Amino acid sequence: MKPAIVFGTRPEIIKLAPVIRAFENRGITPLLVHTGQHYDYEMSRVFLEDLELDGIDYHLEVGSGTQAEQTGTAMIKIEGVLIGERPDVVLVQGDTNTVLAGALASVKLKIPVAHIEAGLRSFDRTMPEEINRILTDHVSEVLFAPTAEAKKNLKREGITDGVYVVGNTIVDAVLQNSEVAERKSNILERLDLDPKGYLLITAHRAENTDRKENLERLVEILESLPMKTVYPMHPRTRRRLEEFGLWERVMRIEGVLVTRPLGYLDFLKLEKNAFAILTDSGGIQEEAIILNVPCLTLRYNTERPETVKVGGNVLVGLEKERVLKYLSKLLNEPEFYEKMANAPNPFGDGKSGERIVHILLELYKMKELKVRSSRFI
Ligand code: UD1
Ligand code: UDP
């Protein structure tokens, strides 16, 4: 079997690394296509290094742009690669513009798409990611849902065939890298942090950063945090803070340490040792629960509701009062802290990569890895 894996951003590299490893364990070297949606060293290359992935076959250098520019350019360039290479299946992971571009380019060449992390829904169609998820799921032949909840979402949209619940490859990534991070990263010393003595915050979503009033609310939250805080900042957020004239204000906040985006080993170590995590990231909501760290999500909805249901995550939006209320509970009520920290991980056992590769190989053997004219036959 000749699989191609199309990816382009930080979380895709992290969550696909275990799948690439699982293919390699079976003696298969997948074709690796990097769209270049993320291109700064610390948004891309550092992850290839940290996760010891080399051998990218195609760098497409798509870069930044409007939604259509980025998706369209990626589609055109991916199509060129797929026409030349004719893989048996194209794997995409998650909900970025790269994912939609890879799925559309592939299915129209009648190359089947396997979507990893299928079935997630925030039920908020104003998010570009939600559009990408829905469309990708509907053109995919094989859908790797991380949880039963994700499978249910697909069923609600009429997708029942080709769906496999396999867990989330983020668990594989965390388990495969935690010990390495512990050993290799000296980030706590570099930033002068005590274990469980600081908060970790990230925010980069369009809905939180692209409007000045929302970004100002985020800054107000930063100004009110009751503990030393580390903020490895996504370049999108930094650019918006500068554009809206808020950057200097953030720099003046005592106790908030803004860093450039960090490599995976450093970031994992920071997550593991944080008192609590505040984030609008999808992957970080998952990692927090896997690492037993309480998570406050700076959003009003989440496509990871499992984390909220089991009690490890609270949606606080950009509501300063809610953030402070929950931080105060975490600081002053040990039972509440323990309950959040010990919420069970709903994302599986860390063998998702192996399962995905096994299923694809079985389908290939049975000659069922193909674009069918109808899903309902
Ligand atoms: C994208 C995904 C988002 C995901 C995130 C992971 C879409 C629609 N969004 O958002 O779901 O959570 O990746 O981090 O696909 N930039 C740089 N250097 C880089 C990359 C980006 O400076 O290497 C800046 C550019 O100013 C760019 C902006 O960040 O315009 C946004 O980048 P883009 O890839 O469009 O979206 P993300 O916010 O990264
Ligand atoms: N991450 C990292 N360094 C950072 C911030 C995040 O390595 O400075 C990792 C994090 O551990 C997680 C992934 O990047 O695995 C999440 O990516 P991001 O928040 O950009 O995207 P999302 O998951 O929201 O799509």
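On C-alpha positions alone, give me the angle between the axis of helix 97-108 and the longest principal axis of the chain, in degrees, nearest 10.
10
Only Cα pairs within less than 10 Å get springs; with that Gaussian network setup on the chain, which residue of Leu191, Leu218, Leu265 has the largest fluctuation?
Its mean-square fluctuation being the largest, the pick is Leu191.
With the radius of gyration and the Kirkwood radius both derived from the Cα set of segment 96-245, what is their ratio Rg to Rh?
On the Cα set of segment 96-245, Rg over Rh gives 1.05.
I want to verify a result. In a Gaussian network model of the chain, Cα cutoff 10 Å, which of these has the top mean-square fluctuation: Gly158, Gly84, Gly350?
Gly84
Taking the Cα centre of segment 96-172 as the origin, how large is its charge dipole in debye, to the nearest 20, when only Lys and Arg (+1) and Asp and Glu (-1) carry charge on their Cβ atoms?
I would put it at about 220 debye.
With +1 assigned to the C-beta of every Lys and Arg and -1 to the C-beta of every Asp and Glu, and no other charges, what is the dipole magnitude of segment 37-130 about the Cα centre in debye, to the nearest 20?
600
Using a Cα-Cα cut-off of under 26 Å, which lysines could be cross-linked to Lys370, ignoring same-chain neighbours fewer than 8 residues away?
Lys2, Lys15, Lys77, Lys108, Lys110, Lys151, Lys152, Lys155, Lys351
Average the reciprocal distances over every distinct pair of alpha-carbons in segment 289-361, invert the result, and give the Kirkwood radius in Å.
The answer is 13.6 Å.
If you take the C-alpha gyration tensor of segment 152-228, multiply each eigenvalue by 5 and take the square root, what semi-axes do you get, largest first, in whole Å?
Taking √(5λ) for each Cα gyration eigenvalue gives 34, 26, 9 Å.
Show me, for segment 362-374, the HN-Hα J-couplings you get by feeding each phi into the Karplus relation (A = 6.51, B = -1.76, C = 1.60, θ = phi - 60°), rounded to Hz, glycine and proline as x.
So the J values, rounded to whole Hz, are 5, 4, 5, 4, 7, 6, 10, 8, 8, 7, 8, 5, 9.
At a 1.4 Å probe, what is the % contribution of carbon and sulfur to the accessible area of segment 74-186?
Carbon-and-sulfur percentage of accessible area, whole number: 55.
Would you mind telling me the share, in percent, of accessible area of segment 236-377 contributed by carbon and sulfur at probe 1.4 angstrom?
53
I need to check one value: relative contact order of the chain, counting alpha carbon pairs closer than 8 Å and at least 6 residues apart, in percent. All intermediate terms of the calculation are to be shown ahead of the outcome.
Details: 707 pairs, mean separation 63.9, N = 377.
Once divided by the residue count of the chain, the mean separation gives 17 percent.
What's the extension gain from Glu319 to Asp192 if we count 0.36 nm per residue and subtract their Cα-Cα distance? Walk me through the intermediate numbers first.
Numbers: separation 127, 0.36 × 127 = 45.72 nm, distance 2.92 nm.
Answer, rounded to one decimal: 42.8 nm.
Over the chain, give the accessible area per residue in Å² for a 1.4 Å probe, as an integer.
For the chain, the per-residue accessible area is 42 Å².
Taking only the Cα atoms of the chain, how large is their convex hull per residue, in Å³?
124
Lys228 accessible area, nearest 10 Å², 1.4 Å probe?
90
Name the long-range amide H neighbours of Val258: under 5 Å, sequence gap of 5 or more, or other chain; modelled H, no Pro or chain starts.
Tyr231
Can you tell me which of Thr35, Thr96, Thr126 moves the most in a GNM of the chain? Springs connect C-alpha atoms under 10 Å apart.
Fluctuation is largest for Thr126.
I need the GluC sites (Glu not before Pro) found in segment 258-339, filtered to DSSP loop residues with at most 13 other beta carbons within 10 Å of theirs.
Answer in residue order: no site qualifies.
Determine the equivalent ellipsoid of segment 128-179 by diagonalising the alpha-carbon gyration tensor, then write out the semi-axes as square roots of 5 times the eigenvalues, largest first, rounded to whole Å. Don't jump to the answer; show the numbers that get you there.
Details: eigenvalues 114, 34, 17 Å².
Value: 24, 13, 9 Å, ordered largest first.
Mind pulling the angle between the C-alpha long axis of helix 128-139 and the longest principal axis of the chain? Nearest 10 degrees, somewhere in 0 to 90.
Approximately 20 degrees, to the nearest ten.
The values are calculated or read from the model by the stated rules, or taken from the named source; none is laboratory data. All values derive from a computational prediction rather than experimental measurement. Heads up, the Cβs are rebuilt from the backbone with ideal geometry, glycines too, and the neighbour counts pull from every protein chain shown. Accessible surface areas use protein heavy atoms only, side chains included; no ligands, DNA or RNA. Shrake-Rupley method; radii C 1.70, N 1.55, O 1.52, S 1.80 Å.
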